[in-house]
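Please read the structure below before turning to the comments.
FYI, it's all coordinate maths here, none of it is from the lab. Quick caveat, the model's predicted, so the values are computed rather than measured. All Cβ positions, glycine included, derive from the backbone under ideal geometry; neighbour counts span all protein chains shown.
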Amino acid sequence: MLATRTLADEILDLKRERRAILLAHHYQESEVQELADCIGDSLELARKAREFTGDVIAFCGVWFMAETAKVLNPERIVVVPDREAGCSLVDACTADQLRAYRKQHPDHVIVSYINTSVEVKAESDILCTSRNAVQVVNSIPPDKTILFLPDRNLGNYVKQQSGRENMKIWQGTCIVHATFAARRVAAAREEHPEARIAAHPECPEEVLAMADFVGSTSAIIDYCVKAGAPEYIVMTESGVSHSLRKLAPGKNFYFVPNEQCNCSECPYMKRNTLEKLRDCLRDLEPRVELAEDVARRALLPLERMLAVR
Ligand code: 13P
Ligand code: SF4
């Protein structure tokens, strides 16, 4: 009797046929992460996309991340399982708003978080991710006023870490991290007094103040794997539990639900499914297509960021 081909088998066959790489963010469903060639945070995935040599990138993350991969690979096909996999931070700042700001403040250096549209990137001087934001800000001459956008919490955290006074901060937020409430973290800490707290810098200031460690998604995973404590309260999207369970099977991880959905899941990231991944590899749609001049202008701030160590 013939064994039934699973969805995973179909995806792996299509991946070979298409000479594709599957890149997955840590917030993807476990079954998607299982099939990925590389799982990472936004900086690691951008670096991976730059090294790629095949024909197709299937980006299992959100749309702005796939746009970034396309900017770095203009001649390759970049597909995303679901076109509606957006991000509340992308929606918080439009290119028109940024152009208007630039007109009023032509001397300000614009530092944009990677969670922005490609059009906003094209208007920016340098990009950053949650992993390198402090280093990026520190790389800018101290006499220059900075506009940091669009994440308010990351901006405040970077300002505090860098001691940079001349820094304006846009007021966008992530619907997942910004709605983690300090009182819920305090309750979790009471319940698990031995646990260390690790938080993503998109969390509110009061939550970051309670954290033993603040860092990007991959940095949080690294910390939880390497630190000595047996228990962790993890203040980020719960998709990280996939790597945490694998890399630190003997430890306990607790996720505190936010006020937005009473969960810790990103609704945009979770739009991608195995079925949609199969379909996008088969149909090569939804595909990222960028206006040539926008992609070219977005490349410069992206390259500047990648050059910062
Ligand atoms: P990372 O840079 O940690 O991957 O974060 C991206 C993101 O969207 C966090 O919400
Ligand atoms: Fe955007 Fe927040 Fe989702 Fe990250 S977790 S993709 S910042 S909405």
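Some notes on this structure:
- The ranking of 19, 183 from fewest to most other beta carbons within 10 Å of each one's beta carbon is 183, 19.
- Just so you know, the averaged projected area of the alpha carbon convex hull for the stretch 82-214 sits at 9.0 nm².
- Restricting the calculation to alpha carbons of the chain gives Rg and Dmax of 19.5, 73 angstrom.
- Mean projected area in nm² (Cα convex hull; one quarter of hull surface) for the stretch 178-219: 2.8
- 222 nm mean residue ellipticity, helices alone, for the chain (DSSP H n ≥ 4; -39,500 (n - 2.57); rounded to 500): -12000 deg cm²/dmol
- The phi-based Karplus calculation (6.51 cos²θ - 1.76 cosθ + 1.60; θ = phi - 60°) puts the 3J(HN,Hα) values of the stretch 205-214 at 3, 5, 6, 4, 5, 8, 7, 7, 8, 10 Hz, whole numbers, x for Gly and Pro.
- Sorted by Cβ density within 10 Å, fewest first, the residues 148, 59: 148, 59
- Exposure rule at most 13 other beta-carbon atoms within 10 Å, DSSP loop GluC sites (Glu not before Pro): the chain longest free segment: 85-164
- Rh by Kirkwood over Cα pairs, then Stokes-Einstein D for the stretch 34-95 at 0.890 mPa s and 25 °C, µm²/s: 201
- Annotated for the chain: lysine pairs at least 8 residues apart or interchain, Cα distance under 22 Å, count 23.
- Computed from the alpha carbon atoms alone, the convex hull of the stretch 162-245 holds 109 Å³ per residue.
- Cα pair distances exceeding 14 angstrom across the stretch 1-74, given as percent: 58
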